[in-house]
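The values are calculated or read from the model by the stated rules, or taken from the named source; none is laboratory data. Computed from a predicted model, the values in this text were never measured in an experiment. Please note: Cβ atoms are built from the backbone with ideal geometry, for glycine as well, and neighbour counts cover all protein chains shown. Only protein heavy atoms, including side chains, enter the accessible area calculation; ligands, DNA and RNA are left aside. Shrake-Rupley method; radii C 1.70, N 1.55, O 1.52, S 1.80 Å.
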Amino acid sequence: ATSDLSPFGPGEQLAITRQRFESTLSRAQGGDADAIDQFPQVADDFLRASQTFNGATDAFKADFDRVQNANNSLIDVAKSERDIAQETLNGVEATIAELQRLNEETKNNGERILSVAEATQLVQQAQGEVAAATANVASINGRIESAQGRVESATNGVAAAQERVAQATQGVQDATLQLNGGLTAIEQATKNVADLMFELGNAILQGFGNLAISDQQIRDFLAANPQLSVQQIIDIAIQAGVSGSQVARATNTPIEDINRLTGGRSVPGGSISDFVNANLNNPMAIVEAAKANGVSRQQLADNSVLTLDQIDRFVRDNNIAGFMQGTDRVPRTGLAFIHENESIGPSTMPAELQAMRALLADLIIIVEEQTEQLVFASERSSEKVVSSTFEASENAIFERRSSVRLR
């Protein structure tokens, strides 16, 4: 019911896997061996459904902590079973030792304590219990190791995603520190701020998206605002936290078209690197894919083993024209391939830039205010994660009572 071909939506799949997870956990905590064996796969299905529906949000973090705490509780259950089995084994071994001591006393005192048949029967019974207890201990140890291994494997992807989120957060914090430290020149400040905002926009376009906004809401918005340009739509999507893949899904548009319309900003660097590595022997395929997805020469160089010089040499040798990222100087008069959303400035533009410098001071103030809001939002998010973790830990306390009967 929760496969890729399932007729249920992400929210319904999450509800199904959550109910299955809680049911399996309850049976496993009651000592059901089958439920203990099934738990790692059930937990993995639940985490994947939560990640698909919730993305990198507090809700997913809470589900992840719930699984981790449940796994730890089951390990404690298994260890308790193992300890009980070990106590049984110790008791049986003590019984055998006592029987042997009594038989020795019988020989020394000439008194009849047990007949040979009775003693033999008791010894055989005790040996059988020792073997059963030993096998039970080995089985429980195997289940503990298997459960730990499968849960660790299932959560590796989640840990990697959390690491990427932590790295992105650290990058924003580092950029914030640089801005707070002050910039030595107005021109450098403007460039750093623009680059930071551009990178944040890229991260949003390449990320999970805003799960609070449905596909239907996106379609309704676009239908109600047909006058918006592509760039205006991209800017609004970034402000709302909507990713490129989210827009592609909502509008039933190929992701390549979305990538091209965003100028390649919605293409993750890892995807570029993987494609280039797989096609190093076919440079033209790399060029065609870059054009199809709006990826610039600089993006290729920044996210692959190719250098900008290598890319330019190939473009030049194969007479491929175009300036996807613009140029400070046109080398020769002639026809040029102009892309959507590009601008062409006159040769007098450097003088006009002087008039813009008066606006830069205001821009710096605005960015500092946005930075303070970003830091505040990050602190609130951290507080929510800590609160969620504490609550999950409080709910993970279980009691188990077991009894042992020696025959």
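Any residue that is outside any helix (DSSP H, G or I), open to solvent by 20 Å² or more (accessible area, probe 1.4 Å), among the hydroxyl-bearing types (S, T, Y) and closer than 30 Å to A15 by Cα - is there at least one of those in the range 57-68?
So in the range 57-68, the residues outside any helix (DSSP H, G or I) come out as 57.
From what's left, open to solvent by 20 Å² or more (accessible area, probe 1.4 Å): 57.
Right, trim to among the hydroxyl-bearing types (S, T, Y) and you get 57.
Narrowing the set further to residues that are closer than 30 Å to A15 by Cα leaves 57.
Checked the range 57-68: at least one residue is outside any helix (DSSP H, G or I), open to solvent by 20 Å² or more (accessible area, probe 1.4 Å), among the hydroxyl-bearing types (S, T, Y) and closer than 30 Å to A15 by Cα.
Could you check the range 279-296 and list, in sequence order, the residues that are part of a loop (DSSP other than H, G, I, E, B), open to solvent by less than 30 Å² (accessible area, probe 1.4 Å) and among the hydrophobic types (A, V, I, L, M, F, W, C)?
V295
Just to be sure I understand, how many residues within the range 237-265 are in a loop (DSSP other than H, G, I, E, B) and free of Cβ contacts under 8 Å to residues at least 24 places away in the same chain?
3
With the structure loaded, tell me whether A321 is assigned to a loop (DSSP other than H, G, I, E, B), surrounded by 13 or more Cβ atoms within 10 Å (Cβ to Cβ), modelled with pLDDT under 65 and not charged (D, E, K, R) or whether it fails that test.
For A321, the condition - assigned to a loop (DSSP other than H, G, I, E, B), surrounded by 13 or more Cβ atoms within 10 Å (Cβ to Cβ), modelled with pLDDT under 65 and not charged (D, E, K, R) - is not met.
This table checks each residue for (1) assigned to a loop (DSSP other than H, G, I, E, B); (2) within 38 Å of the chain's Cα centre (by Cα); (3) modelled with pLDDT under 90.
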site	(1), (2), (3)
V267	yes, yes, no
G270	no, yes, no
Q298	no, yes, no
V305	yes, yes, no
A336	yes, no, yes
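Return only the number of the condition from (1) among the β-branched types (V, I, T); (2) assigned to a helix (DSSP H, G or I); (3) open to solvent by 30 Å² or more (accessible area, probe 1.4 Å) that I234 does not satisfy.
Checking I234 against (1) among the β-branched types (V, I, T); (2) assigned to a helix (DSSP H, G or I); (3) open to solvent by 30 Å² or more (accessible area, probe 1.4 Å), the one that fails is (3).
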